[in-house]
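Peer 1: One structure follows; several queries about it will come next.
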Amino acid sequence: MIITGKCWKIICSDAMDYLIKNIGLLATPEGDMAKSGEAQNKIRTIKNAIVATKNGKITYAGSMKGASDSPEIISAMDQESVIEIDAGGRLVTPGLVDAHTHLVFGGFRQHEFDAKIAGASYLDILKAGGGILSTVEATRAVSYDDLYAKSAEFLNKMLAYGTTTVEIKSGYGLDLETELKQLQIIHDLSKNYSVVPTFLGAHAIPKEYKDNTEGYVDHLINEMLPTVASRKLARYCDIFCEDSVFDIKQSRRVLEEAKKLGMGIKIHADEIVPIGGAGLAAELNAISADHLLQADDLGLNAMAKSGTIAVLLPATGFYLDKGYAKARKMIEKGIPVAVASDFNPGSSPSYNMQFVLNLACLKLKLTPSEALTAATLNAAAAIGCAESKGSLEVGKDGDIAIWDCPDLNFLFYRYGNNQAYKVIGHENRMDGC
Ligand code: NIG
Ligand code: FE
């Protein structure tokens, strides 16, 4: 079957094999580990390339020249069932990996928009019972079916923007029942989408524990974490380690318990006030520390030593008008840098990873090659998927984005437009991840 013309997305199942011909430029990082320092800037580029996939895995990714002698290409050409796509000289990259989202939520928060424009800060809104807590009310009230449908629709749209793998956090229940509802939805989504689940019960202090953060931490440790772990509903445990939310001591307690239960750990660290989240992430060997706008040298040096990945969220800095993390300093120190959308209704209401990449170059000052690595291989490593995702190499999953662009600069400098031409994502893929 030959696919022609414009269509936003193609969802690939294991039964479909693809041959993408006439690629003007193939650009991909290489390997199955996060890249740091100068290596983050080294990507493989091939002009006039071709990519073949079989049973959802890449069997060939290389130059057109010589491809006709390759047994993988010959066998793909021979098969009637193979889906041929003419890339028409366009740019092809790995599908984007969004390593930090909160996309299972009830309602939106446009009612806070006027106060925000008038100058109310994110933490002021939260302290007044709004912010995350208002989304908690909305998420508790919505049915499983409605919340599943809303979340699936987000994932469909993200695919149409080039994002093929998504980490999703719970954290809008803050009670066992609703946290389990969110995690069950993420689990059920994983049957159709490539998603990674993270438990974020420690996202805020629920109204039931107002002025009793220690009581809520005990509840997290004694009730919530063991239930989530025994049902195997989360690969990672995350915490909002922040002034007036969870302090360093409370964060250490929760995360140490999560580790004991076999979960990997992540931290919302040093976003608004520098309280030492980056250092804690390094001390506990977290796979990632996220946000990091205010992280100090001590914390960053510790992260460089521990190999903790910095997941930077420039769309949040943009929306909160709080500036941007010091990405160049992190790269110089040898910290692997990833970028993600932080999609949520309060601090980053966009799931557009192309916009995140525009900001990664314009505001974080990453080169286009560093930015590509940040949104593919390093992002995959930040959610434990780098062995199967994040680069176009033989044996990896066939998650592929074809862009209406001749090169990477074009993709990253044109902001505000969806430049995805065709996107091949995966159904039923997370078992292999
Ligand atoms: O990463 N900072 C905490 N959590 C989210 C915001 C969640 C919300 O405001 O609903 C974040 O920015
Ligand atoms: Fe977040």
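Peer 1: Give the distance, in whole Å, between the Cα centre of the range 283-336 and the Cα centre of the range 71-138.
Peer 2: The range 283-336 and the range 71-138 have Cα centres separated by 21 Å.
Peer 1: So, one more: Tell me, what ³J(HN,Hα) does each residue in the range 241-249 have, in order and in whole Hz, if you take phi through Karplus 6.51 cos²θ - 1.76 cosθ + 1.60 with θ = phi - 60° and put x for Gly and Pro?
Peer 2: Ordered by residue, 3J(HN,Hα) equals 8, 7, 3, 6, 10, 10, 7, 4, 5 Hz.
Peer 1: Take the Cα pairs of the range 232-328, get the Kirkwood Rh, then feed it into Stokes-Einstein at 10 °C and 1.306 mPa s and tell me D in µm²/s. Write down the numbers at each step before the final one.
Peer 2: Working: Rh = 13.2 Å.
Diffusion coefficient, whole number: 120 µm²/s.
Peer 1: How much mean residue ellipticity at 222 nm does the chain get from its helices, if each DSSP H run of length 4 or more adds -39500 (n - 2.57) and you divide by all residues, to the nearest 500 deg cm²/dmol? Walk me through the numbers before you get to the answer.
Peer 2: Values: 17 runs with 147 residues, N = 433.
It comes out at -9500 deg cm²/dmol, rounded to the nearest 500.
Peer 1: Sticking with this one: Quantify, in whole percent, the carbon and sulfur part of the accessible surface of the range 5-153 (1.4 Å probe; protein heavy atoms only).
Peer 2: On the way: 3690 of 6790 Å².
Solvent-exposed carbon and sulfur of the range 5-153 make up 54 percent of the total.
Peer 1: Order Ser244, Ser190, most accessible first, counting only protein heavy atoms with a 1.4 angstrom probe. Provide the component values of the computation, followed by the final result.
Peer 2: Working: Ser244 70, Ser190 30 Å².
If we order Ser244, Ser190 from most to least accessible, we get Ser244, Ser190.
Peer 1: Still on this model: Considering amide H positions built from the backbone, and no H for Pro or chain starts, which residues 5 or more places from Gly398, or on another chain, come under 5 Å of its amide H?
Peer 2: Residues meeting the amide H criterion: Lys57, Ile58.
Peer 1: Would you look at the GNM of the chain, springs on alpha carbons closer than 10 Å, and say which of Ala381, Ala229, Ala160 moves the most?
Peer 2: Ala229
Peer 1: Distance from the Cα centre of the range 185-248 to that of the range 376-395, in angstrom?
Peer 2: Taking the Cα centre of the range 376-395 as reference, the centre of the range 185-248 is 25 Å away.
Peer 1: For a quick check: with amide H placed at 1.01 Å from N, whose amide H comes under 5 Å from Leu174's, ignoring anything fewer than 5 positions away on the same chain?
Peer 2: Counting only residues 5 or more places away or on other chains, the set is Glu179.
Peer 1: Given the options Asn156, Asn222, Asn285, state which has the largest fluctuation in a GNM of the chain using a 10 Å cut-off (strictly under) for Cα springs.
Peer 2: Asn222
Peer 1: Which listed residue (Val273, Asn285, Pro206) has the Cα farthest towards the positive end of the charge dipole for the range 202-349, taking +1 on Lys and Arg C-beta and -1 on Asp and Glu C-beta about the Cα centre?
Peer 2: Going by the charge dipole, the pick is Asn285.
Peer 1: Step through the residues of the range 332-342 one at a time and calculate ³J(HN,Hα) from phi using the Karplus curve (6.51 cos²θ - 1.76 cosθ + 1.60, θ = phi - 60°), rounding each to whole Hz and writing x for Gly and Pro.
Peer 2: Using θ = phi - 60°, the values come out as 4, 7, x, 8, x, 10, 10, 10, 8, 7, 6 Hz.
Peer 1: Then there is this: Remind me, what semi-axes does the range 312-433 give for its equivalent ellipsoid, largest first in whole Å, using sqrt of 5 times each Cα gyration tensor eigenvalue? All intermediate terms of the calculation are to be shown ahead of the outcome.
Peer 2: On the way: eigenvalues 104, 59, 47 Å².
Ellipsoid half-lengths, sorted descending, are 23, 17, 15 Å.
Peer 1: Which three lengths, in whole Å and largest first, does the chain cover when its Cα atoms are put on their principal axes?
Peer 2: Taking the Cα atoms of the chain, the three principal extents are 69, 45, 44 Å.
Peer 1: Also, I was wondering about something else. Each residue of the range 392-409 in order: what ³J(HN,Hα) in whole Hz does its phi give by Karplus 6.51 cos²θ - 1.76 cosθ + 1.60, θ = phi - 60°, with x for Gly and Pro?
Peer 2: Those phi angles translate into 9, 9, 3, x, 7, 5, x, 9, 9, 10, 9, 10, 6, 8, x, 7, 5, 4 Hz.
Peer 1: Relative to 2.2 N^0.38 Å, what does the C-alpha radius of gyration of the range 49-144 come to as a ratio? Two decimals please. Mind showing how you got there, number by number?
Peer 2: Working: Rg = 24.6 Å, N = 96, 2.2 N^0.38 = 12.5 Å.
It is 1.98.
Peer 1: Same structure again: Once you put a point 7 Å from the Cα of Phe113 and another 7 Å from the Cα of Val273, both along the Cβ direction, what distance in nm separates them?
Peer 2: Computed distance between label sites Phe113 and Val273 equals 3.0 nm.
Peer 1: May I ask for the Rg/Rh ratio of the range 27-69, computed from Cα atoms with Rh as the Kirkwood radius, given to two decimals?
Peer 2: Details: Rg = 12.7 Å, Rh = 12.0 Å.
Ratio value, two decimals: 1.06.
Peer 1: For the pair Ser70/Arg252, report the inter-label distance in nm, with labels modelled 7 Å from Cα in the Cβ direction.
Peer 2: About 5.1 nm, to one decimal.
Peer 1: Okay, next question. Going from the alpha-carbon gyration tensor of the range 88-163, what semi-axes, largest first and in whole Å, does one get by taking the root of 5 times each eigenvalue?
Peer 2: Numbers: eigenvalues 189, 69, 20 Å².
Here the semi-axes work out to 31, 19, 10 Å.
Peer 1: DSSP loop (so not H, G, I, E, B), at most 12 other Cβ within 10 Å: list which trypsin sites (Lys or Arg not before Pro) in the range 113-196 pass both filters. The partial results should precede the final answer.
Peer 2: Details: sites: Lys116, Lys127, Arg140, Lys150, Lys157, Lys169, Lys181, Lys191; in loops: Lys191.
For trypsin sites (Lys or Arg not before Pro) across the range 113-196 that sit outside H, G, I, E and B with at most 12 neighbouring Cβ atoms in 10 Å, the list reads Lys191.
Peer 1: Between Rg and the Kirkwood Rh of the range 109-229, both from Cα atoms, what is the Rg to Rh ratio? It would help to have the intermediate numbers written out before the result.
Peer 2: Numbers: Rg = 15.6 Å, Rh = 15.6 Å.
We get a ratio of 1.00 for the range 109-229.
Peer 1: Given R₀ = 30 Å, FRET efficiency for Lys47-Asn301 by Cβ-Cβ distance, to 0.05?
Peer 2: On the way: r = 40 Å, r/R0 = 1.34.
Working from the Cβ atoms, E equals 0.15.
Peer 1: Going by amide H atoms built from the backbone, whose H comes under 5 Å of the H on Glu84, apart from near neighbours?
Peer 2: For Glu84, whose amide H was placed from the backbone, the distant partners under 5 Å are Ile2, Ile3, Leu19.
The values are calculated or read from the model by the stated rules, or taken from the named source; none is laboratory data. Keep in mind that this is a model prediction, so the values were computed, not measured. So basically every Cβ, Gly included, is an ideal-geometry build from the backbone, and we count neighbours across all protein chains shown. Side chains are part of the model used for accessible areas, which takes the heavy atoms of the whole protein and leaves out ligands, DNA and RNA. Shrake-Rupley method; radii C 1.70, N 1.55, O 1.52, S 1.80 Å.
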